[in-house]
Every structure is written in C-alpha cells, then in structure tokens.
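The structure appears right after this line, and notes come after that.
Bear in mind these aren't lab numbers, they're just calculated from the coordinates by the rules spelled out. What you see is a predicted model, and the numbers here were worked out from it, not measured in a lab. Positions of Cβ are backbone-derived with ideal geometry, glycine not excepted, and every protein chain shown enters the neighbour counts.
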Amino acid sequence: PQTIYLKDYKPFGWIIDDVHLTFRLHPTATRVISRIRFRPDYDVHDRPFMLHGEGLKHISAKVDGHEVELHHVNGGIEVDVPHAPFNWEAEVEINPEANTALEGLYMSNGMYCTQCEAEGFRKITWYPDRPDVMAQFTVRIESDAEHTPVMLSNGNGLYYAQDNTQSPAPNISIYQDPWPKPAYLFALVAGDLVAHEDKFTTMFGREVDLSIWVRPGDEHKCAFGMEALKKSMKWDEDVYGREYDLDEFNIVAVDDFNMGAMENKGLNIFNSSCVLASPETSTDGNFERIEAIIAHEYFHNWTGNRITCRDWFQLCLKEGLTVFRDAQFTADMRSEPVKRIDDVLALRARQFPEDQGPLSHPVRPESFQEINNFYTATVYEKGAEVIGMLKTLVGDDAYKKALDLYFERHDGQACTIEDWIQVFEDSTDRDLGQFKLWYTQSGTPNVTVREEYTDDTFSLHFKQSSEPTPGQNKKLPQVIPVAVGLLNDNGEEVVPTKILELTEPEQSFSFEGHATRPVPSILRGFSAPVVLHQDIDNSRRAFLLANDTDPFNRWEAGRMLARDSLLSSIREGNAPNSDYLVGLRTLLGDTSLDPAYRALMMGQPSQSELAGVLHQAGVTPDPAAIHAASEALRSAKAEAFADILPEIYAANQVSGAYSPDAEPAGKRALANAALGLITKLDGGATAATQYAKANNMTLQLSALSALLDAEAGDEALQAFYDQWRDDRLVIDKWFSLQVMHAKPEALAKTTSRLTNHLDFDWKNPNRFRSVMGMLAAHHAGFHHESGASYALLADWLIKLDPVNPQTTARMCSAFQTWKRYDEDRQKLAGAQLKRIAEQPNLSRDTSEMISRIRG
Ligand code: HT7
Ligand code: ZN
C-alpha cells in the first residue's frame, strides 16, 4: 500500500463555488447526481484535475454539458477539463445495503445513514475528498414515503419530507448549508424516525430548532441528551463566545456505527450507545459519557467545522482542541479534580501504552497508509494534554486572547498546527518553537527529580529524557511545565502552586528562605503528560496522601502507594503495604471529601498498567503473578476495612427519584466500590439484596458484577438477560460483563461460547466490541500462557476484516504490547500476528496496523 507523507502536501488546484447533490435512495441501487461548479485556483495551475471515487458504478459524467472520458488512477479519476471555470455533472450508482464497512452511505436496520470522515465521501460520488476543499452544499433527497418518511441532511431544511404541507412532492427533502465545508462533514439520514424536539435561543437572540431523531420506541431515551446539548450550546457561548450558526441542529441515533459520534455540520450522527439514555438502561458512567460526547460533537461546530484541517496530518488541530474543550465543560458541569483524575487514568491506560510501544507516533503524524488508523489516543488525548500545557504556560487570559484571535483570523479556513502556534506566538509574543516539539516528537518523556536542602534553600534538580520511538532515535528536550507546591511538616502549604518550565536536559530550581525542610508536591494536576520518577519512600507518600492540598496529587500519592505495594508483592511476594492501607482508611472515613473522589481513591492500578510499569523498569511482566497480587490487595483492603465498609455503603445510598447528576452519581460510585469489597467478605449477600431492589442500571449492573465476582451470579445473569433481551445496548453490557468476569484460564472458552450465542451479531461494531474488546482488556486472560485468547481474537479479526476493516484495525491494538512479555508468549502472539498478516486480501487498515505492531 501507498504511504502518504505530510511533506508532500499540495493544494487541489481548483476552487468549488457550490455543490448540488440529488439522492434517489434505493437500498441496493441509490443514484447520486452531482452538479458542481469548479474554477481554477490561479495560485496553483500545474495540476491534473483529479477526483476521488471508490466503488462507484459510473453512469455518466459531463463537463459543460458534454460527456467526458474518465482516466482511472489510483483512488479516483482524472479528467481533461478547460483551464477556466466549468460545470461538472455526474451520475453514479451505489449500493448502501452491501456497505458493511459503514463508511460512505450505508444502511443500519433499514435506515440510510452516512459516515464520511475521514475519506468516506469518495464512496458516494466523484469528488475532491480532501478537507482543504470547502464548498456550499445543496442536497435534494428523494425516496419512498413508506420506508423513509424522514430525510435529513446538513444545514437548514428548505423542504421537509415529513412535512406534507411544505414538501413540493411527496417524499422529497431539500437542505441547504450556507457554510462552506469539506466533504467529510457531509451527512444524510433517511428512515422511519421520530424526533424529541426543543428550542435554544442563542446569545444574540436567534431561535434554533433542536431535534434528536431516534427509532420509534426510543423516544423516552432522548431527554438527557437534549439537556446536554442545550448546556453545551450555552457553555460555548459563555466560555468561548461561540454562537451556533444554523436555524436547526439535528442529532440522529444509529445502531451500526464504527466510533462514538460524528460532528457533521448541523446533523450530528451518534452511535446509539453515545446518545440514548434512561435510568433503567444506562449507568451513571453512560450518562456522563453521553453528556461529554454530545458536548464534544457540538463544540466541533467551531473547532473542526468553521475552522477545519488543511489535511489529515493536522487531525489533532480539531480533535486535541475539542477534547480539551469537552474536558473543560465536564469539569465545569461536574467536579474538576474528579474529571482530571479520570482523564489521567484514561491517558495512562490508553495513550501511554501506545506511545511506549510499536504504534508510537507524534501528535501530528508525518506519514500514514490509512488515516483511519490515526484516530488514536495520541492524537486525541495527548493532543488535548498539549493544549492544556499551552494554557498553563501562557496563562488563562492569554489563552482566551489567543483563542479569540484564532476564531477571528481563521474562520472559514482549513488550517495547520503552524497556524495554531502562530496565533499563540502573535498574541503572547512568546517563541513557541521548542514547544512545537510536542506535536512532532513521539514518546512519553521521563522526568527524574532529585531534592536537596542546604542553608534554608530547597532545590529541585530535574532531568528529562525520552526513549527512542519508531522512526525517531534521537530526542530533543521539550518544554515541560511542572506545577510544584511546597508543604511544611504540618501539611500546610508554604509555597502555593508555581509553574517550573523545564526546557533543558537538566535544570534546577531553588526555593529560598525555608528554615525547615519543606515537602514538595510535584507535577500537580498532572501538568504534563510525562512519567515522573521520584525517589521517595512510603512515609512521604503517606504524608502527601493525608495532606497534599492539590487534590490530584493527593490521589496520586495513594495511587503510587498502591502501585508500589503491588509491585513489591509481584516481585518479592510481600504482603500489602500498611502505609497504604492505613492512609486509605483515614481518607475513606473523611466524610468532608467528595464521595466521587473517595471512590476514585479506592481504586488501584489496573493489571495492564502494572505490566507497563514493570516493562518500563526492565522487568518482564508475569500476567498470572500480577493478577494474583491485584486480587490479594483487594482482599487485603476488604479485610482491613471490614468494620467501616458497611457504614460507607449505608451512608451513600441515594433515595428518591434517580438523577444522573454528579452528586448522587458520586455517592453511588462510592457505595458500589464498597460493595465490591463487601462481596469479598459476605460472598455476595449484600449484592443479592441490591440486585433484587435495584431500580436503575447503575445499581443493577454493579450488583450483578459483584455477584459474578463472588461466583454467585448465574441466576441473576439469566434474569438480567430475560429482562433486557430486547434492548441491544443493555445486552451489550450483559455480554461484556461475562467476559470481564471470566477466570483467566477460562477466558477463551467463555468468550468462544458467547460468540455462539444467537444474539452475538458480530457485524454490529458495538456487539463485536462488547465481546472482543473485553477479551483484549482482560489482562490475565488475554495473556494467558496457553495463548488461546490470542488465537481466538486473531480468528475473529480475520473474519471481520473483509466486512469492516476500520473496526478490525482498531482492535488489532490489543496486540500492541506483545513484546513486553516472555519469549513463550511472544512466540504465541507473534504466530497469530503472522497468521493475520498472511491473509490474502487483507484490508489496507488492518495490514498497516499489523505490520506496525510486528515492527
Ligand atoms: N470526528 C469524528 C471522528 C471519526 C469518526 C466518527 C464515527 C465513525 C467514523 C469516524 N472516523 C473518524 C468523531 C469525533 O472525534 O468527534
Ligand atoms: Zn472529535
């Protein structure tokens, strides 16, 4: 397959004034008629006229009314056209029903829908399918009223099929989008849908019609999403000064979807799991995620749609910034420290392994074969961390000024990271040349700190370094903002948080006038996405756990104590560390602390995180030993807190009607964390009572999970299935839970049995992920010495690849850590990777992933 390089970027060479599309919908033979006005871009006039197209049945193509010959080239066609403005008219036929890859126009349960990011529009018609070609679209959709009473596209509706009084003929919708956009933001939906409607009045008094479109029967699951949308619209006005810019905003829920959601202009399309919510069927975690994703897609209207990317290498320009904005939103709606801890947990679980293994790539990659493989934790989450650092370095006011300038200067443009950095340089007068390395240099930097105290002066000596990553052997020092505060022996803050800017390989900072030796709290709020190496003992960590005034670092101190306790059990067979158990006990009893925060405190590093830490320290991780130590620590916590757990559980029961708000959700999180440990002591008695009484999914699922943990869940599992067999999203949970709770040695067998279940609809990405994603996430079971899980996953990746390459390729990352493990496991995993690589006709997506993982 061909590799595309950032350095080879060239503009298209033509400008589009407007695009008219007509869709004559048919499940197997949809006709797409395009009329496009092109004119030469006189700055660039050495290009052949090339349009992308993939899998299109060509009917006709005319230039200025004359039929033209198409010259087929890699990925599309070239056509001889005049070097002057001209009209392009083409007709193609496509088969939505046969489109199982879920890119372009496809069908999901009888409903037409599209997914065009990144390069799906070329499966709809001939077009310059690249983000730097922006145009105004008018779309006419025709179909039969029986199957598609509702037909939607981007922008403002001129005629609605569903409104018989208005439509020029039965079942025609016409939409016009006044805002120039790249083709990847195009969307069309048609089917039997019902709307949950509302209105929003913008900061300048314009009224916007809001609709969430769902299948009949799902109407009762829309109210929460609608509230989240209105909150997002208001927040973007209040915090970023951004007003919505169309008369309508539509969201559609779709069952078959490769990712979470898509920000198509004025017509966001959502995986139904990311928008539909009800107390009976959704957990608190689902509610919080839905709120965040609705916000994320909405915020793209400015960061992504009004200002888009010049090319796909600049993906982080919209994704990093939009993740950063949605994190700010969640922190404002809920709890800032809890959100920060959640985000760092996710970063360490998903981005660190990526950056420390064969898939490591810069936040702005320099080459790719298949762009779909670069919608990664590095581009998204590390991309957001980079913006967080920029804000920390320049300060809140300068960040605001820079963003105002960004919107003013670049509205309507397709931009680069250079444009983004320039805005900050111009508005702050700072040279950000070195900072830009965060976009171009891959890998997680290591920061080592040493303390010194002499003559009333306390000093911190830092070193930074980065390991080689694929294609990058030598690393330059980066700008690393390290937030530091100092505490005295009584735990009082004597120096409030200060930002130290590391720019050199080695650098020291001094704090004078300290008559007694202070205790530093370093990397507060996780001010940079680095690994901090600090040689401090348990008693110091226990002191910070009890006293740190920075909530993130207080949590981090507990986390490090748990981690070191686990590592010493794994490596030396030691019993759990008493500093950890004593410190945690005090904290759990502190009712002045937010329950959600205490619930996070009760967690411990995951088994795969521990494997990563051991590997980074040069030790080969043993999954069975890690599993045993993790279970032993949980049992030790249950024993040590036996007297306080029932009280914590009882005190955090929530009465009254269910609310997904942060406060009751935090209480449930703490009660359920306590339930997990109580179950270790009572064999599931408390969980059984909770299951029987549960009136919302958060309580029901946590009780079922505890029962499965106690191996007392068979009856409840069957009851759960019987109750929810008609709700796809709940049955996804039913599948996941069983995989999660399998014993390591039984994981492959359990998973294989589930794949034979009648409800295992493997072509549905949610269902596939609910089983195979959980198989890969089960550390001890996936890496079981038998290699059975490696083989099972490989079987299914091979089966799914011809059907849905994008979802297959994403799941290949389960193998990204294979070189961490012992020789036998490497042989087993290596053999499966080879087997996948040798499949004939492997998709470009999967072939790129497997070859990068194999190294
Ligand atoms: N911008 C979108 C990314 C995306 C996507 C979404 C759904 C299906 C396929 C997709 N390919 C790329 C989602 C987002 O970041 O908001
Ligand atoms: Zn996004």
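For the chain, what does the alpha-carbon gyration tensor say about shape, rounded, prolate or oblate, given a ≥ b ≥ c as the root eigenvalues, a/c under 1.5 as rounded, and a/b over b/c as prolate? Here the chain falls in the prolate category.
Report, in degrees rounded to the nearest 10, the 0 to 90 angle that the Cα long axis of helix 714-724 makes with the longest principal axis of the chain. Taking Cα atoms only, the helix is inclined about 30 degrees.
Computed about the Cα centre, the dipole magnitude for the chain is approximately 1520 debye when only Lys and Arg (+1) and Asp and Glu (-1) carry charge, each at its Cβ.
Segment 255-289 and segment 537-569 have Cα centres spaced 36 Å apart. Karplus-based coupling profile of segment 562-578, in residue order and whole Hz: 4, 5, 5, 4, 5, 4, 6, 5, 5, 8, 10, x, 6, 6, x, 6, 6, with θ = phi - 60° in 6.51 cos²θ - 1.76 cosθ + 1.60 and x standing for Gly or Pro. Listed cross-link partners 475/827; 318/819; 57/181; 7/834; 382/667 are compared with a 28 Å cut-off, the Cα-Cα value being larger for 475/827; 318/819; 7/834; 382/667. Residue 440 sits among other residues whose Cβ lies under 9 Å from its own Cβ, and their net charge, with Lys and Arg +1 and Asp and Glu -1, is +1.
Listed values for segment 99-114 are Karplus-derived 3J(HN,Hα) couplings in whole Hz (6.51 cos²θ - 1.76 cosθ + 1.60, θ = phi - 60°), namely 8, 8, 6, 6, 10, x, 9, 9, 10, 10, 6, x, 10, 7, 8, 10, and x replaces Gly and Pro. The residues 635, 736, when put in order of fewest to most other Cβ atoms within 10 Å, stand as 635, 736. Rounded to whole numbers, the Karplus 3J(HN,Hα) couplings from phi for segment 255-260 are 7, 9, 8, 6, 10, x Hz, using 6.51 cos²θ - 1.76 cosθ + 1.60 with θ = phi - 60°, and x at Gly and Pro. Put the Cα centre of segment 1-47 next to the Cα centre of segment 326-354 and the gap is 38 Å. Counted by neighbouring Cβ atoms within 10 Å, the residues 592, 442, 427 run from fewest to most as 592, 427, 442. Taking only Cα atoms, what is the 0 to 90° angle, nearest 10, from helix 538-547's long axis to the longest principal axis of the chain? It works out to around 70 degrees. Within the shell of other residues whose beta carbon sits under 11 angstrom from the beta carbon of residue 213, the net charge comes to -3, with Lys and Arg scored +1 and Asp and Glu -1.
A simple spin-label model places the labels of residue 753 and residue 785 2.4 nm from each other, with each point 7 Å out along Cα-to-Cβ. Count the net charge of all other residues whose Cβ sits under 11 Å from the Cβ of residue 457, scoring Lys and Arg as +1 and Asp and Glu as -1. Counting the neighbours of residue 457, the net charge comes to -3. Among the GluC sites (Glu not before Pro) found in segment 690-785, those both in a DSSP coil and sparsely packed, with 12 or fewer other Cβ atoms within 10 Å of their Cβ, are 711. The residue list 216, 44, 446 was ranked by how far each Cα lies along the charge dipole of the chain toward its positive end, using unit charges on Cβ atoms, and 446 comes out on top.
Counting beta carbons within 10 Å around each of 159, 439, 790 and listing the fewest first gives the order 159, 439, 790. For the pair residue 163 and residue 70, label points projected 7 Å from Cα toward Cβ lie 3.6 nm apart.
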